[in-house]
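Every number in this text was worked out from the coordinates using simple rules, so none of it is lab data. It should be emphasised that the depicted structure is a prediction, and the values quoted were computed from it without experimental measurement. Reconstructed Cβ throughout: ideal geometry from the backbone, glycine too, with neighbour counts over all protein chains shown.
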Amino acid sequence: MESLQDQKGWTQEERLRYARHAVLPGFGWAAQQKLRASNVFVVGAGGLGAPLLQYLTAAGIGRIAIADPDRVSLSNLQRQVLFTVEDIGALKVEAAARRLSKLNPNVQFDLYPYAITRENALELLAHYDLVADGSDNFSTRYLVNDACVLLGKPLVYAAVFRYEGQLSVFNYTYPNGQKGPNYRNLFPVPPEAGSVPTCAEGGVLGVLPGILGCLQANEVLKIASETGEPLSGKLCLFDAHSLFQRIIALPSQAPYPIAELQDYEASCGPIPGEIPEITGDQLKKWQEENIPIQLIDVRELWEYEQENIGGTLMPLASLPQNAMALSLERLTVVVCQSGVRSAQAVRMLQEQFGFSEVYNLAGGIDAWRRVNAN
């Protein structure tokens, strides 16, 4: 047991709150003090971020930043258990902070209700000890990884899709000063734009991000408290269907070199270039000016029923059979959840059906929601 001297500086409330940590062999008040003195930047308050934030808060991390530009929607509640129906429409960062402050009022929260970009990433992350990435898109994953490498910050990574998840610790500094691998050692080149569906398109079992988010929290606490062995140089694979879990040792190699931040949206965002796009602001302006628009929604029925902006529902798989019912002469705008499927639909309408005035809504319903929330 630790001496009374080790417990000085803690209130009676804190001694009761963290008592189960204090009696842990190899942890105690010394490790708890390291948690209290640490600060963590959490990217995303969604499926992974919800359990991650709850356990970091409960454990007593001193300062937690939450970055997420989105608002709570009904479709989030299947997996983002930090929120309730009363939070629908609220900014996720604000709803999360309200709930988490009730869990542990000793924790300070820094809120960033906007996306991390190439322009702000280095400035934002520089002020925190370590970063936990709970994002759901490749452009953000590569951006956060590269920023952490340039800043020398450890990165706790997790990703989920359908029934499978993966977890690792990147850019970790070992006690001997050697750096561990980063995300680009595992995936050097971003996937081709539009080649990988999002969770909104491919689905995700609701409990899966809860499991992976808890595992992320475990890695954060090990690093922050300097206890245990972080998952650096290894990749944990988890299958919720079979409950099969495997840890793979990554090949020994030097950290992937990164010289500067790149244009991540261009390299792994929605299909760029030849696909004509409009922004949510432009679409809103056209509607306010009563310009006749043929608005097509290529999501699935269940997505459309949860949230839509009034377009005609034509799921992407059925578009070839239904396209002949559309007018070639009318101004056409195609929407989906994130802009990926609608970009594919625009290309199809151009190349197979001869549409000329057809546009993809950049960022999809998600971007439209942000425009109309302002």
Open item on the list: Using a Gaussian network model on the chain with a 10 Å cutoff between Cα atoms, which of 263, 146, 136 fluctuates the most?
Closed with: 263
Open item on the list: Could you give the length gained by full extension between residue 176 and residue 189, i.e. 0.36 nm per residue of separation minus their alpha carbon distance, to one decimal place?
Closed with: 1.8 nm
TODO: Compute the long axis of helix 138-151 from its Cα atoms, compare it with the longest principal axis of the Cα atoms of the chain, and write down the angle in degrees, 0 to 90, nearest 10.
DONE: 40 degrees
Task: segment 1-128: translational diffusion in µm²/s, Stokes-Einstein, Kirkwood Rh over Cα pairs, 4 °C, 1.567 mPa s - done: 82 µm²/s
Task: lysines with Cα under 21 Å of residue 8, excluding same-chain neighbours fewer than 8 positions away - done: 34
Task: Nearest-ten-degree value, helix 207-225 long axis tilted from longest Cα axis of the chain - done: 40 degrees
Open item on the list: Around residue 312, under 12 Å between beta carbons, what's the net of Lys plus Arg minus Asp minus Glu among the other residues?
Closed with: +1
- [ ] Would you work out the relative contact order for the chain, in percent, from Cα pairs under 8 angstrom that are 6 or more residues apart?
- [x] 14 percent
Task: Rounded to the nearest 20 debye, dipole of the chain from Cβ charges on Lys, Arg, Asp, Glu - done: 1240 debye
Open item on the list: Which one, 89, 235, 143, is farthest towards the positive end of the dipole of the chain when Lys and Arg carry +1 and Asp and Glu -1 on their Cβ?
Closed with: 235
Task: From phi via Karplus (6.51, -1.76, 1.60), per-residue ³J(HN,Hα) for segment 324-334 in Hz, x at Gly/Pro - done: 5, 7, 8, 8, 6, 7, 7, 5, 10, 10, 10
TODO: Give the cross-link partners of residue 92 among the lysines, using a straight C-alpha distance below 26 Å as the criterion and excluding same-chain residues fewer than 8 apart.
DONE: 102, 153, 284
TODO: Any chance you could give the angle, 0 to 90 degrees and rounded to 10, that helix 340-353 forms with the longest Cα principal axis of the chain?
DONE: 20 degrees
- [ ] Compare the Cα positions of 304, 322, 339 along the charge dipole of segment 282-374 (+1 at Cβ of Lys, Arg; -1 at Cβ of Asp, Glu; about the Cα centre) and return the one farthest towards the positive end.
- [x] 339
Open item on the list: Per q in 0.19 Å⁻¹, report the Debye log10 I(q)/I(0) for segment 215-351, using one uniform scatterer on each alpha carbon and no solvent.
Closed with: -1.11
